[in-house]
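Enquirer: Okay, here's the structure, questions in a sec.
The values are calculated or read from the model by the stated rules, or taken from the named source; none is laboratory data. Computed from a prediction, not measured in an experiment: that's the story for all the values here. When we count neighbours, we look across all protein chains shown, and the Cβ atoms used for this are built from the backbone with ideal geometry, even at glycine. The accessibility values were calculated without ligands, DNA or RNA, using every heavy atom of the protein model including side chains. Shrake-Rupley method; radii C 1.70, N 1.55, O 1.52, S 1.80 Å.
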Amino acid sequence: MGHLIELKDVYKIYQMGDETVHALDGISLTVDQGEFVAIVGQSGSGKSTAMNIIGCLDVPTAGTYHLGGVDVSTMDDDQQAEIRNKMLGFIFQQYNLIPKLNVLENVELPLLYAGVSGGERRERALRALERVGLAEKRKNLPSQLSGGQQQRVSIARALAGNPSVILADEPTGALDSRTGREVLGFLQKLNAEGDTVVLITHDNSIAVKAKRIVRLQDGRIIYDGDARDPRAVVQPELEEEHGEAREVLNL
């Protein structure tokens, strides 16, 4: 069995006026079934570009991307949309719920696009809402829910399609820290139940909730390993300052 996600020597190069920008500068990365990986980096590090490529929203300038063993790096928009619908569940910072639809209808929406029949749609949507503890809110409109509940609805919507990968892009960005912790707790629970989660964030305190951290800087991977390793959260340019502190703390 190959890797679920495999990026190999991926470059994404943009022309901005006279300048050539290497948003991704030759990254190689694999993610296996059942992992919980956080891709971390400051603004401009390339993490959003990496998210767009992993999420089949963009294609690399060079290099290859295999998702579930399928080469998606050369696909056209329609083919990408199809594999997106089949294999990926998205959770965004802004929950992207449709205000006029109730909770159940919002969760059913991707299944509607995927051509799933009415009865099965409802059943799968209800099961997904049960997993996030919101089945009793199924008739409510998004405006009647708290921010944390709305984000849980968007998690249920991602789950309803039985995706191979849940892609969470700054999923706690619009939430206060307590609610954010709750939402991260849900992602950890889903991972414990076997779901593969890729989390994109700029926030170390969120990244350490994953099991593995991939840190990007200037379009390159500068760390890839255990989230509990102190090096996972220390920026290389701060290494010198942290050196003494780490000795004192015996880290």
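Enquirer: Quickly run through segment 44-83 and pick out the residues that are of a type in the set (Gly, Ala, Ser), under 18 Å from Ala168 (Cβ atoms) and out of contact with any helix residue (DSSP H, G or I) (no Cβ under 9 Å at 6 or more places or on another chain). I'd like the intermediate steps shown before the answer.
Expert: Residues of segment 44-83 of a type in the set (Gly, Ala, Ser): 44-46, 48, 50, 55, 62-63, 68-69, 73, 81.
Within this subset, residues satisfying the condition of being under 18 Å from Ala168 (Cβ atoms) are 45-46, 48, 50, 55.
Passing the criteria: Ser45, Gly46, Ser48, Ala50.
Enquirer: So, of the residues in segment 1-22 that are open to solvent by less than 50 Å² (accessible area, probe 1.4 Å), modelled with pLDDT of 90 or more and of a type in the set (A, V, I, L, M), which turns out to be farthest from Asn52 (Cα to Cα)?
Expert: Applying the filter and picking the extreme gives Leu4.
Enquirer: Does any residue of segment 72-86 turn out to be open to solvent by less than 60 Å² (accessible area, probe 1.4 Å), over 23 Å from Gly194 (Cβ atoms) and touching a Pro at 6+ places or on another chain (Cβ under 6 Å)?
Expert: Yes, there is a match, as at least one residue in segment 72-86 is open to solvent by less than 60 Å² (accessible area, probe 1.4 Å), over 23 Å from Gly194 (Cβ atoms) and touching a Pro at 6+ places or on another chain (Cβ under 6 Å).
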